[in-house]
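Remarks on the structure that follows.
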Amino acid sequence: MNYDIIVIGSGPGGYVTAIRAAQLGFKTAIIEKENLGGICLNWGCIPTKALLKSAHVFNYLKHAEEYGLNKVDNPGFDFTKVIQRSRGVASKMSGGIQFLMKKNKIDVILGTAKVKPGKKVSVVDAEGKTTEYAAQNIIIATGARSRELPNLPQDGKKVIGYRQALSLPEQPKSMIVVGSGAIGIEFADFYNTMGTKVTMVEFLPNIVPLEDEEVSKHVEKSLKKSGIDIMTNASVESVDTSGEGVKAKVKTATGEITLEADILLSAVGISANIEGIGLEEVGIKTDKGRVLVNEWYQTSVPGYYAIGDIIPTQALAHVASAEGITCVEKIKGIHTEKIDYGNIPGCTYCHPEIASVGLTEKQAKEKGYEIKVGKFPFSASGKATANGDVDGFIKVIFDAKYGEWLGAHMVGDGVTDMIAEAVVARKLETTGHEILKSIHPHPTLSETVMEAVAAAYGEVIHI
Ligand SMILES: Cc1cc2nc3c(=O)[nH]c(=O)nc-3n(C[C@H](O)[C@H](O)[C@H](O)COP(=O)(O)OP(=O)(O)OC[C@H]3O[C@@H](n4cnc5c(N)ncnc54)[C@H](O)[C@@H]3O)c2cc1C
């Protein structure tokens with residue numbers, strides 16, 4: 001069977017690529033060995049947000065009196081049902097991809113794919129039958145899995161990765177979370193809110209280490225206040241699972257300690273799925289565990305492309321999708337733009353939420369910019385006060401000389417929906433002036449962005 005484009009993997013990289021390819025008139029097939037939608041829909045972005053929503057609602061119930069409502073006596077939950085809801089949301093979204101494939105006349109091939117020389121792909125289906133397909137262009141989007149450290153081998157029961165954390169049969173009483181990137185933080189927040197005693201261990205001096213330092217410090221304070229124990233500058237040296245729960249030896253600046261918990265969640269990053277997919281046979285080059293590509297996602301072998309978590313760009317769903325779209329548009333030969341990796345928003349959906357784009361204050365200074373920084377706290381926002389959630393702030397960084405918007409860093413309820421303003425503004429190369437002259441609706445949380453920009457220019461109104 002011959003196709004114009006075969007996409008391997010149906011995550012947000014693969015399925016979006018396939019749809020854009022079909023829109024552009026390519027005869028397209030997509031191959032998937034698990035469920036349509038990849039990690040994002042089945043084991044990542046979506047089911048985690050469903051769990052966090054349950055935690056959020058539970059938290060509201062506990063604080064009903066603060067809103068003038070009757071106290072909810074003994075608010076509780078059924079952990080299995082909370083997990084079931086999250087799994088249900090994931091499978092609904094996966095079903096939606098099935099519909100989109102059909103609508104766009106994309107052939108869905110279920111099985112495990114391997115690339116072959118001569119622009120061919122072999123697929124082994126569930127019955128073990130192998131079928132070979134050919135295509136003018138093969139796009140590899142096989143994604144990634146939870147990274148396993150040698151001293152933290154995952155047994156899936158007591159030392160777990162994100163898949164198990166999303167589907168535990170019962171709620172652990174205590175949990176050690178190793179790693180405080182977005183994945184670690186979101187699970188720590190969910191389990192802590194539901195009543196699990198959570199201890200977080202981070203190797204670096206700050207949690208959410210990629211964020212602006214002020215944001216990291218603020219989130220650390222908020223999470224500690226909510227009951228999470230946080231250890232920074234600390235590393236898990238070994239784990240012992242021989243007893244009832246888990247014992248983790250942790251090296252800290254002041255010596256070694258042993259933490260005990262029911263379960264340990266390893267959230268120390270991801271490993272790209274580059275093994276066993278035929279890369280060596282075809283001669284596709286990799287480096288440090290990722291597939292090497294040029295700016296149009298071509299691998300070292302013509303006709304083979306790679307996008308998403310398997311290449312060394314930011315491991316985010318929206319990045320994977322954008323790469324796939326860019327890749328097929330370039331194959332089609334239409335005018336398309338390269339992705340600006342300096343303008344990718346990153347969001348973490350803990351409470352308070354975190355969202356950022358562009359340079360941190362430290363990075364801006366290191367690059368030699370003379371900067372103007374503006375900050376606006378949610379405690380001065382009418383909408384945040386009405387919402388009863390004033391934890392957080394907006395921080396914006398401008399180049400003092402030409403007014404370029406260098407970075408936006410947000411922490412607080414709703415900021416993951418607000419960061420897009422900064423992304424669009426930066427794309428349009430606006431200065432603070434255009435933001436101040438773009439009237440933001442009142443009362444909204446979005447006003448805080450305008451106020452933070454005003455603060456950078458010495459014109460802030462409400463503080
Ligand atoms: C817990 C968690 C939460 C996350 N939350 C967010 C978030 O809020 N926002 C965000 O932007 N990102 C989030 N991410 C990251 C996001 O999920 C990934 O960046 C994204 O899924 C990458 O998309 P992808 O298409 O490259 O690969 P994937 O989504 O990993 O999809 C790859 C697909 O390829 C299939 N596959 C692999 N090998 C083969 C083969 N040989 N043959 C056939 N099929 C194959 C796999 O089964 C899989 O379905 C999260 C990740 C995790 C783990």
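The values are calculated or read from the model by the stated rules, or taken from the named source; none is laboratory data. Since the model is a prediction, treat every value here as computed from it, not as a measurement. Reconstructed Cβ throughout: ideal geometry from the backbone, glycine too, with neighbour counts over all protein chains shown.
Part of a strand (DSSP E or B), under 21 Å from the mean Cα position of the chain (by Cα) and of a type in the set (A, V, I, L, M, F, W, C) - does that describe any residue in region 271-283? Yes; the residues of region 271-283 include at least one that is part of a strand (DSSP E or B), under 21 Å from the mean Cα position of the chain (by Cα) and of a type in the set (A, V, I, L, M, F, W, C).
Looking for whichever is surrounded by 16 or more Cβ atoms within 10 Å (Cβ to Cβ), more than 21 Å from the chain's Cα centre (by Cα), closer than 30 Å to GLY44 by Cα and in contact (Cβ under 8 Å) with a residue 24 or more places away in the chain here; the options are ALA456, ALA384, ALA380. Which one fits?
Values: ALA456 fails: closer than 30 Å to GLY44 by Cα; ALA380 fails: closer than 30 Å to GLY44 by Cα.
Among ALA456, ALA384, ALA380, only ALA384 is surrounded by 16 or more Cβ atoms within 10 Å (Cβ to Cβ), more than 21 Å from the chain's Cα centre (by Cα), closer than 30 Å to GLY44 by Cα and in contact (Cβ under 8 Å) with a residue 24 or more places away in the chain.
If you go through region 114-140 and pick out every residue that is in contact with a strand residue (DSSP E or B) (Cβ under 6 Å, 6 or more places away or on another chain), within 13 Å of the ligand (Cβ to nearest atom) and of a type in the set (Gly, Ala, Ser), you end up with 1.
What about ILE435, is it free of Cβ contacts under 8 Å to residues at least 60 places away in the same chain, buried (at least 21 other Cβ atoms within 10 Å of the Cβ) and over 19 Å from THR348 (Cα atoms)? Here the answer is yes, as ILE435 does meet what is asked. Inspect region 242-249 for any residue being among the acidic types (Asp, Glu) and within 13 Å of the ligand (Cβ to nearest atom) and give the result as yes or no. No: region 242-249 contains no residue that is among the acidic types (Asp, Glu) and within 13 Å of the ligand (Cβ to nearest atom).
The residue pairs whose first member lies in region 42-63 and is outside any helix (DSSP H, G or I), whose second member is within 15 Å of the ligand (Cβ to nearest atom), and whose beta carbons are closer than 8 Å, counting only pairs six or more residues apart or on different chains, are GLY44/GLY38; GLY44/TYR162; GLY44/ALA317. Only strands (runs of 3 or more DSSP E) whose full extent lies in region 313-415 are considered here, and the ones with at least 1 residues that are within 28 Å of ILE207 (Cβ to Cβ), among the polar types (S, T, N, Q) and within 16 Å of the ligand (Cβ to nearest atom) are 346-348, 354-358.
Just a yes or no: is a residue in region 16-31 within 6 Å of the ligand (Cβ to nearest atom) and either modelled with pLDDT of 95 or more or aliphatic (A, V, I, L, M) (or both)?
Checking region 16-31: at least one residue is within 6 Å of the ligand (Cβ to nearest atom) and either modelled with pLDDT of 95 or more or aliphatic (A, V, I, L, M) (or both).
Does PRO205 meet the test of being under 13 Å from LEU265 (Cα atoms) and either more than 14 Å from the ligand (Cβ to nearest atom) or of a type in the set (Gly, Ala, Ser) (or both)? Let's see the steps before the verdict.
Details: under 13 Å from LEU265 (Cα atoms): no; either more than 14 Å from the ligand (Cβ to nearest atom) or of a type in the set (Gly, Ala, Ser) (or both): yes.
Criteria not met by PRO205.
Any chance region 250-260 includes a residue that's surrounded by fewer than 18 Cβ atoms within 10 Å (Cβ to Cβ), touching a residue at least 24 places away in the same chain (Cβ under 8 Å) and outside the structural domain of GLN314 (by TED's automatic domain parsing)?
Taking region 250-260 first, the residues surrounded by fewer than 18 Cβ atoms within 10 Å (Cβ to Cβ) are 251-258, 260.
Filter once more, keeping what is touching a residue at least 24 places away in the same chain (Cβ under 8 Å): 260.
Those still in the list that are outside the structural domain of GLN314 (by TED's automatic domain parsing) too: 260.
Yes, region 250-260 has at least one match.
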